[in-house]
Every structure is written in structure tokens, then in C-alpha cells.
Amino acid sequence: MLPASAQESPPGRSIAIVRDAETEQLMRDYLRPILGAAGLPSGATEVVLVNDSSFNAFVADSHRIFINTGVITQAKTPNEVIGVLAHETGHIAGNHLARMHQAASQAGIIAAIGMIAGAGALVAGAAAGNGSVAGGGAAAITGGIGLGQRSLLSYQRGEEDAADRSALTFLQRTKQSAKGMIDTFKRLANEQLMIARYADPYAQSHPMARDRIANLETKAEASPYWDVKDPPALQARHDMVRAKLIAFTSSPQTALRQYPPSNTSLPARYARAVVAYRMGDPQEAQRQVDALIKSQPSNPYFWELKGQAMLDLGNPRGAIAPLQKAVSLAPSATPIRALYGQALVGAGDPASAKQAVTELNRVVQADPDDASAFRFLAMAYGAQGQTAMADLATARGMAAQGQLKQASHYAQRAKMGLKMGTPAWLQADDLVTRPSSKSGKN
């Protein structure tokens with residue numbers, strides 16, 4: 001699991017994004033049937049992990065669903081997470097984000113409420129007991145609310161209802177239960193009990209959870225798939241990812257309370273291996289990870305953890321072999337390949353630097369928004385004395401972060417050392433000529 005990095009949400013707010021190949025693959029597998037049921041291309045929408053412990057998700061455009069790690073750590077079954085993804089897919093299929101912007105513009109109140117951060121934040125700020133919708137949802141509006149604002153909030157509540165109904169349809173088409181989604185709303189309803197007496201239902205951007213339950217539960221229970229359980233293999237994968245995220249995102253003490261040594265299940269052992277490495281105990285971490293590998297030698301994520309532990313504990317050369325093994329077992333997992341490239345850079349020898357260039361170029365080709373991979377690619381080029389290519393990698397990484405003025409500076413330096421008309425020169429030239437006004441950063 002790669003550390004969280006601050007990235008800009010669509011309206012310019014920073015959110016902490018984390019990369020984890022195992023979790024991302026599980027989310028893709030959860031989402032793929034839902035997208036098919038919605039009539040959307042399976043590869044057109046990705047799930048982005050937000051390092052936030054609250055139970056929340058939102059869409060920012062038609063290509064990305066942002067989901068907090070808290071959704072996964074709090075959900076005990078795949079079905080609960082799938083219900084969340086089905087709801088967010090309802091917003092994408094219904095084109096709600098664009099329509100919400102249009103409604104706000106027509107109401108003439110954008111200046112009053114600020115830019116809408118994302119359609120379909122699943123949990124209203126009131127439900128979470130804070131003043132905003134976590135992860136980029138529109139700010140909760142309290143106090144003296146104007147008629148135009150109420151009109152827009154009513155419109156948003158209508159879109160939430162529509163997304164809920166679409167989610168039920170998608171779940172039924174894929175022969176899955178809506179029980180997880182209903183259970184989520186019941187949890188939210190319990191959280192809202194403490195503040196319900198103070199909450200104005202007409203000043204909420206989302207329907208109150210109790211109303212959502214009333215609107216959906218009868219129809220959900222009428223589905224022939226209401227009692228369908230998640231396949232055991234999928235539940236096992238969910239349990240593993242959940243344990244891993246809890247171990248990475250909670251304090252070690254919290255993780256060990258949830259997964260004590262008396263729990264000998266594979267997810268518990270996975271969590272404790274992560275905790276051992278996070279606590280800076282390399283010998284114990286390696287002992288526990290090696291035991292995991294012995295139980296499942298073809299599990300790429302166990303090899304990844306072994307390599308990541310070595311890398312983070314100051315042994316990049318020792319990390320190369322396990323990460324190379326992980327890449328061979330999961331060649332399409334770019335976060336693992338990125339770690340492999342990082343280890344190669346850290347090894348500090350010319351042969352490793354040359355291999356790092358190859359690996360990291362594959363990473364940025366697959367994921368051109370991975371600013372961290374560009375940073376290590378620049379280091380690998382620098383170690384080989386390819387200064388112009390190092391400058392180009394630096395420029396591309398800055399552009400990926402929206403720092404276009406800095407990107408233009410490094411791209412101009414790169415152009416001076418590159419042959420005119422080559423692909424690298426053209427990339428640098430594009431960054432030099434790209435208008436800096438596209439970003440508010442400088």
C-alpha cells in the first residue's frame with residue numbers, strides 16, 4: 001500500500017489519495033458487473049481510494065468514483081460496499097453532476113454556496129456530525145437558508161432518490177441483494193438519531209436516512225435476490241483487504257485490538273504482519289510475512305508486503321527480489337510495479353537504475369497521473385546522467401499535480417538537452433506551451 005498523497009479534488013480541495021493494488025482490484029471486481037447493468041463501459045470508470053476513516057463516497061465526474069477507506073473498513077460484507085458503488089453508479093448513469101451544476105446555475109446561487117464538490121456524497125454532513133460532506137461533498141448549509149438554496153437542495157435530494165432507485169435496479173440485474181445498501185442506511189439512521197431533533201430535513205442535500213429506508217426497503221425485500229449471500233471467495237478477499245486497510249490506516253494498538261494474537265485467521269495474521277512492519281520491527285515483520293507467503297506462495301500481495309516492508313525499513317536492495325516476484329504474479333498492478341521501480345532506484349547501482357527506467361516508464365504509461373512514479377523516474381534518469389530526461393520526468397510529474405508553471409520551467413530546461421522533433425522533445429514542448437491558467441497553482 002502506497003502512502004497517501006495530497007491531490008486536488010475537482011473544485012480544488014485537497015484530498016488524500018492512497019494506492020493499493022489489492023484493494024483497487026477488489027473494487028474493480030465489485031464495480032464491473034454494476035457498470036454492465038448500468039449500460040456503462042467496464043473500463044470507463046475507476047474507483048479512487050481516499051484516506052479517510054468516515055463512511056462516505058462521491059463522484060466527481062463520469063469516470064471516477066471516490067470511496068473512503070472507511071467504507072471498506074466498516075463494511076463487514078462485500079455487499080455493503082457494492083451497494084455504495086451501485087448508488088454512485090446511479091449518479092453517473094443519470095448524469096447528475098452535470099445536471100446539478102445546471103440547476104445551480106439556473107437558480108443563480110453558485111456564488112452563495114460555492115462550487116459543488118461532487119454529486120452523490122453518500123453520507124450527509126449531518127449524519128457524520130460535522131459541517132461538511134466528507135471527501136468533497138457540498139458544504140452543509142445551516143442557519144438562514146434562502147429560497148433558492150432550498151430549491152437546489154430539494155433538487156439534490158431528488159437526485160439521491162433517483163440514484164437509490166437505480167442502485168436497486170443494478171443490483172437486481174446482477175442478481176445481488178440490496179440488503180447491504182439497506183443496512184448502510186439503517187446505520188446512518190442510527191447516527192442521525194442523536195441530531196435529528198436539530199436537523200431541518202429541508203436544509204439537507206441528502207434525504208434523511210430514515211426516509212431513504214422507508215422509500216427503499218419494501219422494494220428491496222421484494223427482490224428475488226434479497227437473501228443472496230456474497231460468494232465465499234469474494235467474502236474472503238473482502239476480509240483480507242479490510243484487515244489490511246485497518247492495519248495500515250488505524251493505530252497499531254487499534255489494529256491489534258481488532259486482530260489479537262488469539263485470532264489465527266489469515267486476515268488477522270495479515271493485519272498483524274502489517275502492524276509489525278509499521279512498528280519498525282523488521283525481523284518480526286519478515287517472520288510474519290514469510291509465514292503468509294508459505295501459506296499462499298502465489299499471492300502477489302504477500303510478496304508486495306515483504307518488499308514494501310524491506311523498502312520502508314531501509315533495505316531497498318533486499319526489496320527488489322520480492323517485489324520482482326510480486327510483479328511477475330500481478331503484471332498489470334501498477335502500484336506494485338511502482339514500488340519495484342522505487343526499490344531499483346534505491347539500490348543505487350547503474351544496472352538497477354537502467355531497469356528502474358524501464359519499469360517506471362511502464363507505470364507512467366499506464367497511469368500518467370502518478371506523480372510519485374515520475375519523481376522516481378527522474379531520479380533513475382539522473383543516476384544514468386540523462387539530465388534532460390530527468391527534467392522531462394520532473395516536469396511531467398509536476399503537471400500531473402497541476403503545478404503547470406513549475407512544469408513549464410523544467411520542460412524548458414529539458415528541451416535544451418533533447419533533439420528537436422523527438423517524442424521526448426514534443427512532450428516537453430507541449431508542457432512549455434500549455435497555458436498555465438489551467439491551474440490555480442504556481
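The values are calculated or read from the model by the stated rules, or taken from the named source; none is laboratory data. A quick note: this is a predicted structure, and the numbers were derived from the prediction, not measured. A quick note on method: Cβ atoms are made from the backbone with ideal geometry, for glycine too, and the neighbour counts reach across all protein chains shown. In case anyone asks, the SASA skips ligands and DNA or RNA and just uses the protein heavy atoms, side chains included. Shrake-Rupley method; radii C 1.70, N 1.55, O 1.52, S 1.80 Å.
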- Pull out a ≥ b ≥ c, the square roots of the eigenvalues of the alpha-carbon gyration tensor of region 343-438, then state rounded if a/c is under 1.5, prolate if not and a/b is larger than b/c, and oblate in the remaining case. prolate
- Message: With just the Cα atoms defining each centre, how far is region 207-278 from region 286-345? Give it in Å.
- Response: 25 Å
- Task: For region 290-442, give the percent of accessible area contributed by carbon and sulfur heavy atoms, probe 1.4 Å, rounded to a whole number.
- Result: 52 percent
- Stretched fully, the stretch from Thr422 through Thr169 gains (0.36 nm per residue minus C-alpha distance, one decimal, in nm) 86.0 nm
- Note on the structure: Other residues with Cβ under 14 Å from the Cβ of Gly348 give, with Lys and Arg +1 and Asp and Glu -1, a net charge of +1
- Can you bin region 353-401 into rounded, prolate or oblate? Criterion: square roots of the alpha carbon gyration tensor eigenvalues sorted a ≥ b ≥ c, rounded for a/c under 1.5, prolate for a/b above b/c, oblate for the rest. oblate
- Task: May I ask you to order 290-302, 80-92, 404-416 by the average number of other C-beta atoms within 10 Å around their residues, highest value first?
- Result: 80-92, 404-416, 290-302
- Can you pull a Stokes-Einstein diffusion coefficient for region 207-348 at 37 °C (0.692 mPa s), Rh from Kirkwood over Cα pairs, as a whole number of µm²/s? 193 µm²/s
- Item | Residues Arg257 and Glu217, FRET efficiency given R0 of 41 Å [Cβ-Cβ distance, rounded to 0.05] | 0.75
- Task: Work the Kirkwood hydrodynamic radius out for region 224-269: mean of 1/r over every pair of different alpha-carbon atoms, inverted, in Å.
- Result: 11.8 Å
- Query: Residues with beta-carbon under 12 Å from that of Arg287, excluding Arg287: net charge, scoring Lys, Arg +1 and Asp, Glu -1?
  - Reply: +1
